[in-house]
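Shown next, in structure tokens, is the structure this report addresses.
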Amino acid sequence: MERRLLRGYGPLAAMLLAFVLMAVFVPTVASQREVVQVSGAGTGAGSGGSGGGATSGAGGAAGAAGAGGAVAGTGTPASAGATGHVAACGGQKAQVPNDPYSPPCIAFSGGNGGATSPGVTATTINISYRATSDSTTFQQQLAALGGAQFNDTEADIQRTIQGLAQYFNTHFQFYGRKLNVEFFNGTGSLTNELLGQGQEQANADAVTAAQTEHAFAELNGVTEPYDDALFQQKVVAFGAPYLSAKWMNDRS
């Protein structure tokens, strides 16, 4: 039982947030100067992952959330006529000074396309985090199997995530937007879902993320039933590193 639960679940939720946001949302290539013209219809849905974080349901939407391009995965036109400008920062090469993993520093001005995707407005990128009744016990068991102690409460986890979101909002470029993390108590159970059960509860939680929290992405998508449900709701799911390439391709 313990070995089965451990398989494929290295990163804890707070660590996953830091890595995934850096890998997906932060620009990786800087141009001296580039003009982004927002117009036309969106592209089809796609999916992709980086460093063990999987995305499904509204793939390609990182560009919509960051650069203000056409809506990804919805076929809905972005705000026509909005023009944004990006350029290298004057005198500062790295977005985060003295960080060897930092992307190039980019300055942004002008329009960002407004509401380019569900959960994305001109000023915010909504991200949800589902807490389950067994969230803390699951992570404590996971840590114990790895020879570590994990005694954080759910409140501790949420404080960590909020602190990381604040760090990214302060130091990274989201093209005029800020990350907004919404926490909610789900009806599902990580343990049940990891054993292939609890699809009905996972479906209900995905509806909450999409329709109540208005989430662009969900941080705690660490089970296949929940990720399937999020895909149906067109919410990007982070946290399913063990799923196959076929599973990802079927949801592209």
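The values are calculated or read from the model by the stated rules, or taken from the named source; none is laboratory data. Keep in mind that what you see is a predicted model, and the values were worked out from it rather than measured. Methodologically, a virtual Cβ is constructed for each residue, glycine included, from the backbone with ideal geometry; neighbour enumeration extends over all protein chains shown. Note: accessible area is taken over every heavy atom of the protein model, side chains too, but ligands, DNA and RNA are not part of it. Shrake-Rupley method; radii C 1.70, N 1.55, O 1.52, S 1.80 Å.
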How much of HIS85 can a 1.4 Å solvent probe reach, expressed as accessible area in Å² and rounded to 10? 60 Å²
Dividing the alpha-carbon Rg of segment 96-252 by 2.2 N^0.38 Å yields what? 1.13
In what sequence, largest accessible area first, do LEU145, LEU219, LEU164 appear using a 1.4 Å probe? LEU145, LEU164, LEU219
So what is the relative contact order of segment 130-182, in percent, for Cα pairs below 8 Å that sit 6 or more residues apart? 25 percent
Spatial extent of segment 206-252: Rg and Dmax, with the Cα atoms as the point set, Å: 10.1, 30
Protein-only accessible surface order, largest first, of GLU200, GLU218, GLU224, GLU154 at 1.4 Å: GLU200, GLU224, GLU154, GLU218
Simple spin-label estimate for ALA155/GLN211, 7 Å along Cα→Cβ, in nm, reads 3.3 nm
Over the heavy atoms of THR187, what accessible area does a 1.4 Å probe trace out, to the nearest 10 Å²? 90 Å²
Pulled fully out, how much extra length does the chain show between HIS171 and CYS89, if you take 0.36 nm times their separation in residues and subtract their Cα-Cα distance? 28.2 nm
Where the centre of each part is set by its Cα atoms, how far does segment 206-241 sit from segment 120-134, in angstrom? 9 Å
Length gained, GLU200-TYR101, 0.36 nm per residue minus C-alpha separation, equals 31.6 nm
Order of exposure, largest accessible area first, which applies to LYS93, LYS178 with probe 1.4 Å: LYS93, LYS178
